[in-house]
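Participant: Pasting in a structure now, in structure tokens, and then I'll have a few things to ask.
The values are calculated or read from the model by the stated rules, or taken from the named source; none is laboratory data. Computed from a predicted structure; not experimentally measured. Every residue, glycine among them, receives a Cβ derived from its backbone with ideal geometry; neighbour counts consider all protein chains shown. All accessible areas refer to the heavy atoms of the entire protein, side chains included, with ligands and DNA or RNA removed. Shrake-Rupley method; radii C 1.70, N 1.55, O 1.52, S 1.80 Å.
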Amino acid sequence: MNTRTDEELLCAYREGESEALRLLIERYRSELFNFLVRFVGNRAAAEDVFQEAFLQIHLSADSFDATRRLKPWLFTIAANKGRDYLRKHRRQATMELSAPLSSEDGSGEFIDLLEGDVPQPDSGLEGDELASQVRQAVDSLPAHLREILLLAYFQRFNYNQIAEALGIPLGTVKSRLHSAVATFKRKWEAIDETPDA
Amino acid sequence: MRECGPDGQEVQAMNQMNEPMLNPDDAQAVDRLVEAGFDAQAAVNAEPARQRRIERAAALLAALDALPDERAGDDLVDQTLARIQSAIDGEEQQRRFDTQAAALATGPIRSRWSLGLRELAGVAAVILLGLSALWPLMNGSTSVDGPLWDAPQGTITAGFAGSQAMEPVGPPARSGQPLVMVDKHNPLKAIIIINDQPREFLISSRWQDRVVRYPDGTVKRFRQPVLLFEPVDRTANPADAASP
């Protein structure tokens, strides 16, 4: 196993060690691919965006500041590519679900987590069924909320790292994550209340 | 609508996208969870007063764990590297194309065209040279003037440069015979090596009236293209090089 850091590997690649890029890609294969599948919603698109992201790493390798961490930069690029993909391939259904919630849906209101239901592990839903419903709720989040929720929860990025990765102010990161959690709860409740859910 | 959070930071209740927001207490609970890496117990320990909300937020977000881990395809790494290699190849091809395009766009494109014209003129000059030498033979006549060159006919080798402007590419002249090289950049200039001494000449042409007297006594007058080689250095004897 290669013990070099991500940053050392990229520097080595920059200096002509092509194998270093392979090591980097292998290192992030699972983590980045999982993030992208959850973000863009399907495997084929995730693979395409994954390749695009590392192609961009190759193209921008010379501009990377080796004093900074590579992972946020990689996820910045991947998230940007993922957003580009979603813009190009936005499905009508997704658009409808992602559209700003009307006031009847509770926009402009504070969501109280102590009210209503939250998914419970012992809710009786089969694994696949629960996964499908969660998938539906996540997919229905607007992309700018979904990416923050995924980066925070699955990648365990803290607020500063998300701000760095997405190039947005810290306050915006916080308000978006709060909104993402509130919207996720509302979407979950909406799915849970549908007759065939 | 704005509210002030417990830490004094202004909390925007509803963002510009008109999306729902957490109430300030829940927002604080989520912040504690993020800081604790979504370890609910650690977050509660950090702020016991928010235990219920922290646990509620943790339970909601734990639903995300139901999303299965997707295993990347075995060939994803190779496919990614192949795509990068393809881009590298494309870059290289583009760089070569750009270099050539830049070279053509700045000067060389003009000189290339003008070179072509000059080469054409040079070819024409040599053809004229040949014609002027062969014309009397083709007409079955005997020139009343002397031979084209002091050297015997057919010993002149003319050539155009390959990589070097003045390097002949035709069959080499035999030793002691004059070698004519036409400058491809300036086909009006030639270097003629006579007795191993290179001399520069300017080539020009004109029509010359010639008179041919046949054995039966008839005399014919006709016009003939003539190449003139005028020495540039003025040290060469024009008579040495000029065609008849």
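Participant: Could you tell me whether residue A:162 is more than 22 Å from residue B:56 (Cα to Cα), not in a helix (DSSP H, G or I) and not assigned by TED's automatic domain parsing to the domain that holds residue A:38?
Facilitator: no
Participant: For the stretch A:51-65: of the residues being open to solvent by less than 30 Å² (accessible area, probe 1.4 Å) and more than 10 Å from chain B (Cβ to nearest Cβ), which is nearest to residue A:90 (Cα to Cα)?
Facilitator: A:60
Participant: Just checking, how many residues over the stretch B:212-227 are at pLDDT 75 or above and hydrophobic (A, V, I, L, M, F, W, C)?
Facilitator: Residues flagged as at pLDDT 75 or above and hydrophobic (A, V, I, L, M, F, W, C) within the stretch B:212-227 amount to 1.
Participant: Residue under question is residue A:48, and the condition is that it be open to solvent by 50 Å² or more (accessible area, probe 1.4 Å) and either β-branched (Val, Ile, Thr) or at pLDDT 95 or above (or both); does it hold?
Facilitator: Yes, satisfied.
Participant: Continuing with this model, one more query. So residue B:18 passes all but one of these: (1) at positive phi; (2) at pLDDT 80 or above. Which condition number does it fail?
Facilitator: Answer for residue B:18: the failing condition is (2).
Participant: Taking the stretch B:26-38 on its own, how many of its residues are more than 8 Å from chain A (Cβ to nearest Cβ) and in contact (Cβ under 8 Å) with a residue 24 or more places away in the chain?
Facilitator: 2
Participant: Here are B:119, B:91, B:55: which of them is of a type in the set (D, E, K, R), open to solvent by 40 Å² or more (accessible area, probe 1.4 Å) and modelled with pLDDT under 80?
Facilitator: B:119
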